[in-house]
Structure formats: structure tokens, C-alpha cells
Amino acid sequence: MATSIAAPELLSITRSGTNVELLDVRTPIEFRTVHVEFAKNIPLDQLDPESIRRDRRDSSKPLYVVCHSGGRSKQACERLEAAGVANVVNVAGGTTACVEAGLPVVRGKKAVSLERQVRIAAGSLILIGGLIGFFVHPAGYGLSVFIGAGLLFAGLTDTCGMGMVLARMPWNQLKST
């Protein structure tokens, strides 16, 4: 199981002059909005642990992994460790905690976070299911039940199918120039 580090501790390490390898597993749009200055972006859905294991120059140094708040980076750490990547460290609290701790960040064009997109989509689908069930046919309530069950599953397993689908949507991708 990957170890974890608090953002203030990561700040101390960087201030000591240690070269830090930080992997940000958020979507490119989230990364563009704000990211730690020295982070490299590889979205979770594009993460190739084998490639990372092969390409690391010094596996004795920690590979820090960060996302928005800690859920996706935890998944990434588990995948990396399963592939044999050594010394993987999850940054607790994610980019939000890094900003609060005072790590140097780059800010770009604002975007709606993936977590917020999931809440908007789930809430909309639950509302639509309820309205269909009330005004059209009682079977419409099934949509609300299905989305509710999905949210329960996401909370229990710390994985979110809707988030994975939304991460692949065109508005969450950067246009190549």
C-alpha cells in the first residue's frame, strides 16, 4: 500500500532543494486550471504503469502522485504499485491541499472540476427520473434509483463510473494545437 504525505511536508521537501517527481492524474482541463509548477500531467484514464516503471531514472526516489482531492491519486498509486513501481507516495488532500500549503502553482483558464461535473450530472438525472416518474410513467423512478445506486457504489468503492465517462468527454480534453 502506498504511503501518503501531507502537502506541507511536500512543500518542506521542495524547499530543501530536493528534486521532486510529481505525477498529476487529473484531466488535462483540470490540470490547465491549476497545477503544481513541477507536476507532470498523465490523466488516470491514460496512465500506463508499465511505461512509468520502465522510464523512471531513479526508482529509489519517491514518485509523488496527486489529483484534485486524493481519490484518483490513490487509485493511481495502487495501479503503479501493482505494476512494480517502487516508492510511490500519495499526496493527501490533492492539488487543493497543495495550493493551501503554498506550493508553487501555475494557474490557467478556469474549468468545472470533474467532481462538480459528476454532481451536476447525477443531480440532473435524478431530477429527470423523478419528474418522468411523477408526470409520465412510474417506471421513470427507475432512473433515479439507478443513479442513486451508482452513487452509493462510488462512495463505497471510491471509484466513479460516471466520473470516468465524463473525463473522456470532449470538453474535458485539450484541443491539440
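The values are calculated or read from the model by the stated rules, or taken from the named source; none is laboratory data. Note that this is a predicted model, so its numbers are computed, not measured. Reconstructed Cβ throughout: ideal geometry from the backbone, glycine too, with neighbour counts over all protein chains shown. What goes into the accessible areas is simple: the full protein's heavy atoms, side chains included, and nothing from ligands, DNA or RNA. Shrake-Rupley method; radii C 1.70, N 1.55, O 1.52, S 1.80 Å.
Things to note:
- Stretching the chain fully between Glu81 and Ile128 yields a gain of 12.8 nm (0.36 nm per residue, less the alpha carbon separation).
- Gap separating the Cα centres of segment 1-49 and segment 84-101, nearest whole Å: 6 Å
- Solvent-accessible area assigned to carbon and sulfur over the chain amounts to 61 percent, based on a 1.4 Å probe.
- For Val112, the shell of other residues with beta-carbons less than 13 Å away shows a net charge of +4, using +1 for Lys and Arg and -1 for Asp and Glu.
- Counting only protein heavy atoms and a 1.4 Å probe, segment 20-146 has 52 square angstrom of accessible area per residue.
- Extension reserve of the Lys175-Lys109 stretch, reckoned as 0.36 nm per residue once the Cα distance is removed: 22.4 nm
- The distance between label points at Leu156 and Asp45 comes to 2.5 nm (points 7 Å beyond Cα on the Cα→Cβ vector).
- Taking 0.36 nm per residue of separation and subtracting the current Cα-Cα distance, fully stretching the chain between Ser59 and Ala149 would add 28.3 nm.
- For segment 81-177: span of alpha carbons on each principal axis (Å, largest first): 53, 34, 29
- Across the alpha-carbon set of segment 31-135, the Rg to Rh ratio works out to 1.11, Rh being the Kirkwood radius.
- Peptides 79-90, 158-169 ordered by packing proxy, namely the average of other Cβ atoms within 10 Å per residue, highest first: 79-90, 158-169.
- Residues with amide H under 5 Å from that of Asn41, placed H, sequence gap 5 or more: Asp24
- Largest first, the extents of the alpha carbon coordinates of the chain on the three principal axes equal 64, 34, 33 Å.
- Peptide packing: for 14-21, 65-72, 27-34, the average count of neighbouring Cβ atoms within 10 Å per residue gives the ranking 65-72, 27-34, 14-21, highest mean first.
- Segment 67-112: translational diffusion in µm²/s, Stokes-Einstein, Kirkwood Rh over Cα pairs, 37 °C, 0.692 mPa s: 276 µm²/s
- At q = 0.13, 0.24, 0.31 Å⁻¹ the log10 of I(q)/I(0) for segment 123-177 amounts to -0.45, -0.88, -1.06, computed by Debye summation with a single uniform scatterer per C-alpha, solvent ignored.
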